[in-house]
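Colleague: Please see the structure below; I have some questions.
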Amino acid sequence: GAGVSQSPSNKVTEKGKDVELRCDPISGHTALYWYRQSLGQGLEFLIYFQGNSAPDKSGLPSDRFSAERTGGSVSTLTIQRTQQEDSAVYLCASSERTSGHNEQFFGPGTRLTVL
Amino acid sequence: RKEVEQDPGPFNVPEGATVAFNCTYSNSASQSFFWYRQDCRKEPKLLMSVYSSGNEDGRFTAQLNRASQYISLLIRDSKLSDSATYLCVVNIWGDYKLSFGAGTTVTVRA
């Protein structure tokens with residue numbers, strides 16, 4: 001079946017512009033996660049959705065970052081007034097459950113470059 | 001202290017060799033353990049889950065040592081296609097959040 005999809009695959013933007021990243025999880029997966037991976041670094045947790053609600057936004061690095069999920073499916077991550085340090089690969093993952101053996105499936109990521 | 005720590009490597013091995021590496025985790029409440037594989041400029045993909053008794057999947061063997069809080073991965077008969085970064089991942093039962101190590105890079109040479 002279809003995996004997690006993300007768009008765009010690459011995004012180059014100028015400092016100060018807003019960007020919107022999209023994630024389409026695996027059908028039926030209730031949990032959705034956003035991570036960020038900077039060059040040579042591990043995955044940094046950003047935010048988690050259970051259905052449409054986001055119980056944990058603690059990983060968002062600043063108030064320029066926001067995310068929403070509608071219809072329990074597609075999610076968008078918005079970065080306002082982008083800065084050069086926002087350059088990274090933004091990965092989305094989904095899972096069937098949020099507890100127990102929580103296997104997460106990742107999308108191909110959006111590579112964001114802020115000039 | 002990081003929740004999950006890994007030797008970054010790189011481990012540079014010839015084809016056919018055996019390579020093994022560990023990761024340590026700090027939270028004793030961790031209950032689920034995984035190894036993910038990440039190829040260059042690609043997303044992480046689940047390689048295998050790690051069970052208490054240890055488990056094997058083809059040339060890959062994972063072991064869990066709860067007392068010492070470490071997980072190991074062993075790759076036998078290495079192939080060129082095994083070249084990747086291997087991410088150690090732990091999860092506390094009932095917690096949605098996965099904690100990722102920074103990864104161990106393995107390069108298999110012909």
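Colleague: Name the one entry in B:PHE33, B:PHE60 that is more than 11 Å from chain A (Cβ to nearest Cβ) and either closer than 14 Å to B:PHE100 by Cβ or not acidic (Asp, Glu) (or both).
Modeller: Among B:PHE33, B:PHE60, only B:PHE60 is more than 11 Å from chain A (Cβ to nearest Cβ) and either closer than 14 Å to B:PHE100 by Cβ or not acidic (Asp, Glu) (or both).
Colleague: Here is a list: B:ILE71, B:ILE75. Which entry is buried (at least 21 other Cβ atoms within 10 Å of the Cβ), away from chain A (no Cβ under 14 Å) and touching a Cys at 6+ places or on another chain (Cβ under 6 Å)? Talk me through it step by step, then tell me what you get.
Modeller: Working: B:ILE75 fails: touching a Cys at 6+ places or on another chain (Cβ under 6 Å).
Among B:ILE71, B:ILE75, only B:ILE71 is buried (at least 21 other Cβ atoms within 10 Å of the Cβ), away from chain A (no Cβ under 14 Å) and touching a Cys at 6+ places or on another chain (Cβ under 6 Å).
Colleague: Tell me which residues, restricted to the stretch A:62-71, are in a loop (DSSP other than H, G, I, E, B) and surrounded by 14 or more Cβ atoms within 10 Å (Cβ to Cβ).
Modeller: Hit for the stretch A:62-71 is A:ARG64, nothing else.
Residue-wise test of (1) in contact with an Asp or Glu (Cβ under 6 Å, 6 or more places away or on another chain); (2) modelled with pLDDT of 95 or more; (3) outside any loop (DSSP other than H, G, I, E, B).
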| site | (1), (2), (3) |
| --- | --- |
| A:LEU60 | no, no, no |
| A:SER73 | no, no, no |
| A:THR76 | yes, yes, yes |
| A:THR82 | no, yes, no |
| A:VAL89 | no, yes, yes |
| A:ARG97 | no, no, no |
| A:HIS101 | no, no, no |
| A:LEU112 | no, yes, yes |
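Colleague: Residues of the stretch B:5-47 being surrounded by fewer than 16 Cβ atoms within 10 Å (Cβ to Cβ), in contact with a Leu (Cβ under 7 Å, 6 or more places away or on another chain) and either in contact (Cβ under 8 Å) with a residue 60 or more places away in the chain or not in a strand (DSSP E or B) (or both), which ones?
Modeller: Hits for the stretch B:5-47 are B:GLU15, B:THR18.
Colleague: Taking the stated definitions as given, is A:GLN50 out of contact with any Gly (no Cβ under 6 Å at 6 or more places or on another chain) and buried (at least 21 other Cβ atoms within 10 Å of the Cβ)?
Modeller: Here the answer is no, as A:GLN50 does not meet what is asked.
Colleague: Which condition breaks for A:THR82 when tested against (1) under 27 Å from B:ASP39 (Cα atoms); (2) surrounded by 21 or more Cβ atoms within 10 Å (Cβ to Cβ)?
Modeller: It fails just one condition, (1).
Colleague: Determine, yes or no, whether B:ASP82 is in contact (Cβ under 8 Å) with a residue 12 or more places away in the chain, of a type in the set (Asp, Glu) and exposed (fewer than 13 other Cβ atoms within 10 Å of the Cβ).
Modeller: The answer is no for B:ASP82.
Colleague: Search the stretch A:16-27 for residues that are farther than 19 Å from A:TYR48 by Cβ and in contact (Cβ under 8 Å) with a residue 60 or more places away in the chain and pair each with any residue that is among the polar types (S, T, N, Q) and part of a strand (DSSP E or B) when their beta-carbon atoms are under 6 Å apart and the residues are at least 6 apart or on different chains.
Modeller: If the second residue must be among the polar types (S, T, N, Q) and part of a strand (DSSP E or B), the pairs left are A:VAL19/A:THR13.
The values are calculated or read from the model by the stated rules, or taken from the named source; none is laboratory data. Treat the numbers as computed from the prediction; the structure is a model and nothing was measured. Don't worry about glycine lacking a Cβ; one is built from the backbone with ideal geometry, like all the others, and counts go over all protein chains shown.
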